[in-house]
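The values are calculated or read from the model by the stated rules, or taken from the named source; none is laboratory data. Small disclaimer: the values here were computed from a predicted structure and weren't measured. A quick note on method: Cβ atoms are made from the backbone with ideal geometry, for glycine too, and the neighbour counts reach across all protein chains shown. Side chains are part of the model used for accessible areas, which takes the heavy atoms of the whole protein and leaves out ligands, DNA and RNA. Shrake-Rupley method; radii C 1.70, N 1.55, O 1.52, S 1.80 Å.
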2 protein chains.
Amino acid sequence: MTSNTRRLDVVKNHLSSKFPTMPFDDTLEKYRQRTPSFNKDSLFAIYMGSHHKLIRMLRESSKNSPLINHTAYTFGSREDKHQQIYRIVGEIYTKTPLTYEEDLQDPTKKLNILQVLCEFDIASGTRCTVHMSLYIDTIQNLGTAKHRARIDRAYKLLDYGSFAMTELGHGSNVAGLEVTATYDKNTKEFIINSPTKTSAKWWIGAVGKTANMSVVWAQLIIDGDNKGVHVFLVPIRDFDTHEACKGVVLGDCGEKNELNGIDNGFLIFNNYRVPYDCLLDKYSSITNEGKYKSPIKNKQKRLGIMLAGLLRGRFAVSFASEISLRNAMTIALRFAAIRKQFSEPEKSILDYQTHRTRLIPHFCRMFAIRSGIHYLQNYLSAHSSLFYKDPECEELNELHAILSVFKALASTYAFNGIQECRESTGGHGYSIHSGLARLRGTADVLMTWEGDNTVLVQQTSKYILKQIQRLLKGAKNTSTTLQFVRLDYEISTWPINSIKDLTVENVIKVYHSYINSTAKQTMQKLQENIQKYDNTTDVWNNTQTSYAQTLASVFGEFLYYQEMVSMCKNIANNDPVLAGVIMKIPELYVIDCWERRQRVYIELGCKVESYALLRDRHIELCNEIGNWIVPMIDALASCDNYIGSVYGYADGQAYNRLVEAVENEQGVYEKPTWLSDIHNVRKAASS
Amino acid sequence: MTSNTRRLDVVKNHLSSKFPTMPFDDTLEKYRQRTPSFNKDSLFAIYMGSHHKLIRMLRESSKNSPLINHTAYTFGSREDKHQQIYRIVGEIYTKTPLTYEEDLQDPTKKLNILQVLCEFDIASGTRCTVHMSLYIDTIQNLGTAKHRARIDRAYKLLDYGSFAMTELGHGSNVAGLEVTATYDKNTKEFIINSPTKTSAKWWIGAVGKTANMSVVWAQLIIDGDNKGVHVFLVPIRDFDTHEACKGVVLGDCGEKNELNGIDNGFLIFNNYRVPYDCLLDKYSSITNEGKYKSPIKNKQKRLGIMLAGLLRGRFAVSFASEISLRNAMTIALRFAAIRKQFSEPEKSILDYQTHRTRLIPHFCRMFAIRSGIHYLQNYLSAHSSLFYKDPECEELNELHAILSVFKALASTYAFNGIQECRESTGGHGYSIHSGLARLRGTADVLMTWEGDNTVLVQQTSKYILKQIQRLLKGAKNTSTTLQFVRLDYEISTWPINSIKDLTVENVIKVYHSYINSTAKQTMQKLQENIQKYDNTTDVWNNTQTSYAQTLASVFGEFLYYQEMVSMCKNIANNDPVLAGVIMKIPELYVIDCWERRQRVYIELGCKVESYALLRDRHIELCNEIGNWIVPMIDALASCDNYIGSVYGYADGQAYNRLVEAVENEQGVYEKPTWLSDIHNVRKAASS
Ligand SMILES: Cc1cc2nc3c(=O)[nH]c(=O)nc-3n(C[C@H](O)[C@H](O)[C@H](O)COP(=O)(O)OP(=O)(O)OC[C@H]3O[C@@H](n4cnc5c(N)ncnc54)[C@H](O)[C@@H]3O)c2cc1C
Ligand SMILES: Cc1cc2nc3c(=O)[nH]c(=O)nc-3n(C[C@H](O)[C@H](O)[C@H](O)COP(=O)(O)OP(=O)(O)OC[C@H]3O[C@@H](n4cnc5c(N)ncnc54)[C@H](O)[C@@H]3O)c2cc1C
C-alpha cells in the first residue's frame, strides 16, 4: 500500500471508529499538578550539558518532519526502513554540516548530533556513527596527509563510508581475522582476499546498500610474512554506477532482531587489487624496497594502538543507552500515571510501592549514564589533541579503561531498564504501538557491538591491576582516578549505621575500601591460578567471574556516583525547588547498586541492622523521588514523534491513541483470508 | 512473493552461492565426544515425566511437516502467520483428539499436547490453550449440565472458543471490569453492553479472526443492582457466515511484540441480547421471579472461586517457560561449542569460565521449572476430582498459592535465561535466523498474562501469612508444604561452613530458617503499616518490596529445590554415569539463588569466609556441569525444525546454514530501490 492511500485510510478510519468515544483524559495532567513547579529549562540544560542548545534546536527543527514517523517505520518493509533512515540522516546532517576543522576544535559536537538522531531510533544514530565516527575517525587516526582528501569528501557526504572489521568467524578477537592483504612488490599494490567462508566481513554497517568506501581490517602479508592486522581505505562500490567493484562481493546480512533501518552487509574479496596508498600508514609503512617499517615493534601493541582510536564509536554507545532508557522511562512513567487499577477510587499504578521500586532505580541509572557522558565529554575535550600526538600516553590508557566500563554499564542499564518498563506496562507494553519492544531490541545490541561487554570490561580490570603491579614494582600509580588504590590501604569498617551516616564522604569511603579489597582478592586469585594453569590465558580467564569482572564494575559505579553528585549539586544550586529532591538521586543510585550486589555488605562487615536500614531507605527514596518523577521526565523527554509510543505522548491520551493506531492497521475488521482452513479443521476434527 | 516462487529462489541461490565453500564443520561433534556416554533416553523420560512417550510421538510425527517451518513463519505477513499457526493446531489436534471423559480421567494430558505445540512457538501452544483450557475449562468449572453440549462441540473443534476477561482499561483488577450484562426480567435475557471506550474487551485470543464463541466476563446487573462479575457463554460470530453477531463489534488488536500468529482481538457489545441459559450458573442463578441466588454470599469470594478454576491456563505458563528456555539453551550451548575465539589453538567459548558461569545457572533453572511441572502434575492428578466437588477446599487454596509463585518464577527465569543466551551468542544472536529474539519476545508475555507476576505473587505471600494468622489465633496450620512454619521456630545459625556441609538437609534447614524469618519480618512490617495507614490496601501495598515479595519467591525456590533433588536422584538411580554429575544441578541452582539474593547470608549470619567458599563453589560447579552440558542438552532438545535456529541444529553446521538463510532472503544482492536518495543527499550536502 502506498503511503498516500494509507494516509487516506487513516482519515477514513478516524471518522468511522467503531469504539465508544472517550473525552479528553486529564489523569496525567492532574498527576503532574501534584508536584510543586520547578525550572524545567535549567534541569534540561544541566542534564544535557554543553550542547543543550544544539540538541533543542535539532529536535525542534524536526518536530514536524514527516520523516520522523514511527508508524511508517514500523510497518514499512526492510527496504522502506533503509530509505527512511537514510533520508533522516540526510535531513539532520544537512542542517548541521560539520568540517574536519570544526571537529578538531570541538570533538564532542559530532556526538551530540548523533544523539538527536538516536532519539528517534538507534538505527538513524548508527547510520551516522558508522560513517561519521568509525569510518572518518579511523582515517583521522591511522591515515596520513595523503588521506586528507577522503576525510573532506566524507564530511561532505560525497563518500559514504563503512568500517569493515568483524568477520563471520571473528568479532572480539581482532587478531584472529582471516582476510589478507598481500603486498605485491612489483606493482606496489595490495591483493585483498577472503580465503574462507568464515573470513567474509559480516555485519558491516552501510555495506548492504549504501557505502561506496570502506576501511578494511586485514592481515598484512609481505613476502609470506604476516605483519599483523592493518587497515586499508578502499572503494567498494563504483561511485557512479553503484555496482560492487570488480573483485568485491557485497550483500545484505538480512533481517535482524531490530535496527532494520541499517543495511548491515557482508563483503567478500577475490584478488581485489588496490594501490599502495590505500594503506592507512601512520604507524606502519613499506619502503620502496618492499620492507616493512613501524615505530611500534610489538604486533599486539600495534593493534592495541590502532583500536584505541575508536574512542568515539564506543562513546556513542553511552549516548544511545541513555537515550533509549530515557525514551522507555518516558513511556512507562506517563503510562503509570494514566493507568489506574484497584482501590476505591482507583489509584494510578505509579502510586504503588512496587511500581515505584521497580521503575525509579532505573531513572537514577539514567542519571548515572548521563553523568558518565559528562565525564567523558570533559575528558575528551581536555585531552583530544594530546591523543593525536601521543597515542601511547597515560591519559589515553586511562580514558580507554573508563570508557570501556562505562560502555558496558550503560548498555546493561539501558537494556534492563527498558525491560522493566516493558513489564511494568502490563499487557499494553506488548502492543507494537507501545514502542517498547523496538527500544528493547535496539538497546540489546549495544551490549554486543563496539566491544562485547564481557570482553570489554576486561580492559578496565586489566588497567586497575596494572596500576597495582606498578606499585608492587615500586613504581608510581599513574592513574588520576585511582590514587586511592594503595598496597597499604586500610579497609575501613562499615561506616554507615544510621541514615545520617549516609553522606557522600562515607559512600566514597565504602567504594575506596571495596575497590581496594576486590583488587586484592583478584590479585590473590591470579596468584593462585598461576600455580594452577600453565598459560597466561587460562590464568586470566579463570580470574574473571566474581573477581576481575566485579572489580571493573564497582570502579565504574564509583565514578558514576561521584559525577552524579557533582551534576546534581549543580542542579540544586540552580533551582531551590529541585534542591529538595535532586540529591536523592545519587543516594538511591548507590543504595540500589549495593542492593543488587549485597556482597559489599558481607565483605565490609556491615551489620544486619545497618543493612536493614539501607534496604528500607531504598524503598523510602523510591517513594520520595516518585513524587517528582512525572514533571522531571517531562523536562528531559524527547518530542512525541521521536519517542513514537501511544502511551508516551505528553498529552496523556493513551487509550484514544492506541485505539486510533489499531483501527488504522490493515484488515482490522476483515474476515480471515484463510477462512476455508477453519472449515477444513471443523470437518477433519468432527469426522 | 508466493511461496512457490520463493522455493524456486531458494534452490537457485543455493546453487549460486557467492561465498567460499566450507567443508563439514565437526567442532560440535568433537565437543560432544569429550563427555562419557550415558543413557539419553532415560534422562529424557524422567525429565519429561509421565507423558514422555506422547511427547516423542507428537514430535516425531511432525518432524517432516511442511508446516513446522520457522522461515515461512518469520517472513510471512501477519495474516500468513495466523493461518500457519491455525493449521498447525489443526494438524496436531487431529492427531490426538481428546474428549471430555478422557480429560477428566487424565487432567494433565491436555497440557502435554499443548507443550509440543509450544516447542514450535508459544503462539501455537496458546492458540490451543485459549480454546482447550481457558474456554473449555471455564465452561467445565462454572457451567452446569445444560452447557455440556458446548463442551463436546469444543472438544471436536466444531466451536472455536475464546476467553473474554481483560478490557482496555482493566486487566489485573477483574472486579473493576466495565462490561455489563443487564437482566431483562420480561424476556429472560441479558443485555450485554460496553458502555465506554475503556470497556472494550481487549487482547482476547482468537477473537480477531477465528472464534465463534466466547466466555465473557461482565458485571451482572439485576434491577439496577450490581451483583458483581459473572461469566456468559455467548456466540460472537455466526457459525456459518463468520460475520460478527448483531450487536457485537469484533476486530484485531494489531501487531504485537511477538506472537503475531495469535489473532488477539477486541470485542464491543451494543445492546447484545442473549438468552438466560448463557449465564454459567454453577455458583449463581436467577429465579423465575427474577431474584438473584448464590450459595456464596460474598461478592469477592465468589469472584475468587470463579477465578480459581483457571488452573490449567496458568499451569500452561510453566510449560511454555520451560520450553522457551530449553530451546534457547539448545541454541546458545551448541553455538558456544562451535564458536571459537582467542587462544592458540582457538578455544570454544564454552570453555571460558565467564561463559559457563553465564549460561549453566540457567540450565539449572530449566531443571527447576521442570521439577515444578512434575510437582503440579502430581498435585493435579491427585486432587482434581476434589476440586470440582469442593472449590473452597484447602487443597485448592494451597495449589493456587504454589501455582502462582511457580508461574511467576518460571516466566522470569525463562525471560532472563533467554536473554543471557542472546547476549552470549554475540553479534550472531542479533540475526533473525538465530531465533533468539522470537523466543525472548514470546517468553516476555508470560510474565504478564495469566496473572501479572507482580500481582500474582501476592496470592502466594497472602497464603503463607494466612497460615501464620491461623497460628496466632490458635488454629492449625492447614498447609502440607508449610508445616515448618511455626510461631516458635528457632532460626538456626548458618550451617554451611565447608563444602561438605553443603548437604540437602542443610539447604533445607537454611530455607526453613529463611522462610520463617522473612515471614516474621513481613508480619512486623504489616503491624507497623497498620499504625501508619488508614486502609488495608495501603497497609498491604506498602509491605510488598523486600518483604511479602521476597517471602513468596523464597518459598517457590524452596519447593523447586526439593523437587529437583528428587527428580535428580531418580535420574542418578537410573544411570550410573549421570549419577556422577546430576546432583550438582540442584546444588548449583540453590547457590545461584543465594548468590542473586545474598541477604540470605546477611540475615542468617553467614561468615564472610563461608560466603567466599560458596561463591567459589558456584564457579566450580558451573565448570563441572559444563563438561556434560552438550550431550545433556542433546538429550532434552526438541527437533531442529521446531527450534528454528541456524545456530541450534544438532549437526552443528552453523556458518553454512546462516549463509544459506541469508542468501535466500529477498534482495540480498540487489541495488537499493532508493538509490536516487543517495544521489540527492550527495548533492544537498556538497552544495
Ligand atoms: C547489528 C550489528 C551491527 C554491527 N556493525 C558492525 C560494523 O559496522 N563493523 C564491524 O566491523 N562490526 C560490526 N558489528 C560486529 C560487532 O562489533 C561484533 O558482533 C562484536 O564485536 C562481537 O563480536 P562477535 O559477534 O564476533 O562475538 P564473539 O566475539 O564471537 O563473542 C561471542 C560470545 O563469546 C564471548 N567471548 C568471546 N571472547 C571472550 C573472552 N575472551 N572471554 C570471555 N568471553 C568471551 C562473548 O562475551 C560473547 O558472549 C556489528 C554487529 C551487529 C550485531
Ligand atoms: C498477547 C496477549 C494475549 C492475551 N490474551 C488474553 C485472553 O485471551 N483473554 C483475556 O481475558 N486476557 C488476555 N490478555 C490480557 C492479560 O491477561 C492481561 O494483560 C494481564 O492480566 C495484565 O493485565 P493488564 O494488562 O491490564 O495490566 P495491569 O493490570 O494494568 O497492570 C499494569 C502494571 O501495573 C502493575 N499492577 C497492577 N495492579 C497492581 C497491584 N495491585 N500491585 C502492584 N502492581 C500492580 C502490574 O504489575 C503491571 O506492571 C492477553 C494479553 C496479551 C498481552
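Quick rundown of the values:
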quantity	calculated
Selection from the range A:434-458 of residues that are within 16 Å of ligand 2 (Cβ to nearest atom) and facing chain B (nearest Cβ under 7 Å)	A:Ala437
Output for the range B:587-612, where each listed residue is away from chain A (no Cβ under 12 Å) and open to solvent by 20 Å² or more (accessible area, probe 1.4 Å)	B:Glu587
Number of the condition not met by A:Asn574 [criteria: (1) away from chain B (no Cβ under 14 Å); (2) open to solvent by less than 50 Å² (accessible area, probe 1.4 Å)]	(2)
Any hit, the range A:525-548, residues being crowded, with 21+ Cβ neighbours inside 10 Å, under 28 Å from the mean Cα position of the chain (by Cα) and more than 14 Å from every other protein chain (Cβ to nearest Cβ)	no
Checklist (1) aromatic (Phe, Trp, Tyr); (2) open to solvent by less than 20 Å² (accessible area, probe 1.4 Å); (3) within 12 Å of ligand 1 (Cβ to nearest atom) applied to A:Phe415, failing item	(3)
Sole exception among (1) in contact with a Phe, Trp or Tyr (Cβ under 8 Å, 6 or more places away or on another chain); (2) of a type in the set (Val, Ile, Thr); (3) at pLDDT below 95 for A:Ile464, by number	(3)
Residues of the range A:336-348 satisfying the condition of being near ligand 2 (Cβ under 9 Å from one of its atoms) and facing chain B (nearest Cβ under 9 Å)	A:Arg339, A:Lys340, A:Gln341, A:Phe342, A:Ser343, A:Lys347
Per-region count, the range B:63-92, residues open to solvent by 30 Å² or more (accessible area, probe 1.4 Å) and of a type in the set (A, V, I, L, M, F, W, C)	3
Matching residues, the range B:178-198, being within 22 Å of A:Pro345 (Cβ to Cβ) and surrounded by 24 or more Cβ atoms within 10 Å (Cβ to Cβ)	B:Val179, B:Ser194
Hey, A:Ala175 closer than 22 Å to A:Gly143 by Cα, within 13 Å of ligand 1 (Cβ to nearest atom), of a type outside the set (Val, Ile, Thr) and open to solvent by less than 10 Å² (accessible area, probe 1.4 Å) or not	no
Residue count, the range B:184-219 (criterion: of a type in the set (Ser, Thr, Tyr) and touching a Ser or Thr at 6+ places or on another chain (Cβ under 6 Å))	1
Selection within the range B:662-687 - more than 7 Å from chain A (Cβ to nearest Cβ), over 30 Å from A:Thr94 (Cβ atoms) and open to solvent by 20 Å² or more (accessible area, probe 1.4 Å)	B:Asn664, B:Gln666
Count of the range B:160-172 residues which are more than 9 Å from chain A (Cβ to nearest Cβ) and either within 16 Å of ligand 1 (Cβ to nearest atom) or closer than 19 Å to B:Ile139 by Cα (or both)	5
Residue ranges of strands (runs of 3 or more DSSP E) in the range A:177-283 with at least 3 members more than 20 Å from A:Thr448 (Cβ to Cβ)	A:180-184, A:189-193, A:213-222, A:225-235, A:248-252, A:272-275
Residues (in a helix (DSSP H, G or I) and open to solvent by less than 20 Å² (accessible area, probe 1.4 Å)) located in the range B:628-643	B:Ile629, B:Val630, B:Pro631, B:Met632, B:Ile633, B:Ala635, B:Leu636, B:Tyr642, B:Ile643
Whichever residue in the range B:617-627 is touching a Lys or Arg at 6+ places or on another chain (Cβ under 9 Å) and open to solvent by 10 Å² or more (accessible area, probe 1.4 Å) and, among such residues, is nearest to B:Asp592 (Cα to Cα)	B:Ile619
Counted residues, the range B:199-219 - those being open to solvent by 10 Å² or more (accessible area, probe 1.4 Å) and either on the phi > 0 side of the Ramachandran plot or within 16 Å of ligand 1 (Cβ to nearest atom) (or both)	1
Residue ranges of helices (runs of 4 or more DSSP H) in the range A:1-90 with at least 1 members within 14 Å of another protein chain (Cβ to nearest Cβ) and modelled with pLDDT of 95 or more	A:27-33, A:70-75
In the range A:407-433, the residues that are more than 30 Å from B:Ser343 (Cα to Cα), under 21 Å from the mean Cα position of the chain (by Cα) and touching a residue at least 24 places away in the same chain (Cβ under 8 Å)	A:Tyr413, A:Ala414, A:Phe415, A:Asn416, A:Gly417, A:Ile418, A:Glu420, A:Cys421, A:Arg422
Selection status of A:Glu243, in contact (Cβ under 8 Å) with a residue 40 or more places away in the chain, open to solvent by 20 Å² or more (accessible area, probe 1.4 Å), assigned by the TED database to the domain that holds A:Thr187 and away from ligand 2 (no atom under 16 Å from the Cβ)	no
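Matching residues to (1) in a helix (DSSP H, G or I); (2) open to solvent by 30 Å² or more (accessible area, probe 1.4 Å); (3) in contact with a helix residue (DSSP H, G or I) (Cβ under 9 Å, 6 or more places away or on another chain):
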{"site": "B:Phe315", "(1), (2), (3)": "yes, no, yes"}
{"site": "B:Phe319", "(1), (2), (3)": "yes, no, yes"}
{"site": "B:Thr330", "(1), (2), (3)": "yes, no, yes"}
{"site": "B:Tyr375", "(1), (2), (3)": "yes, yes, yes"}
{"site": "B:Pro391", "(1), (2), (3)": "no, no, yes"}
{"site": "B:Glu395", "(1), (2), (3)": "yes, yes, yes"}
{"site": "B:Ala401", "(1), (2), (3)": "yes, no, yes"}
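Residues are listed down the side, and each one gets a yes or a no for (1) at pLDDT 95 or above; (2) in the same structural domain as A:Leu465 (by the TED database); (3) within 26 Å of A:Leu472 (Cα to Cα):
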position: A:Ala548; (1), (2), (3): yes, yes, yes
position: A:Ala552; (1), (2), (3): yes, yes, yes
position: A:Ala579; (1), (2), (3): yes, yes, no
position: A:Ile585; (1), (2), (3): yes, yes, no
position: A:Val600; (1), (2), (3): yes, yes, yes
position: A:Glu603; (1), (2), (3): yes, yes, yes
position: A:Ile619; (1), (2), (3): yes, yes, no
position: A:Ser638; (1), (2), (3): yes, no, no
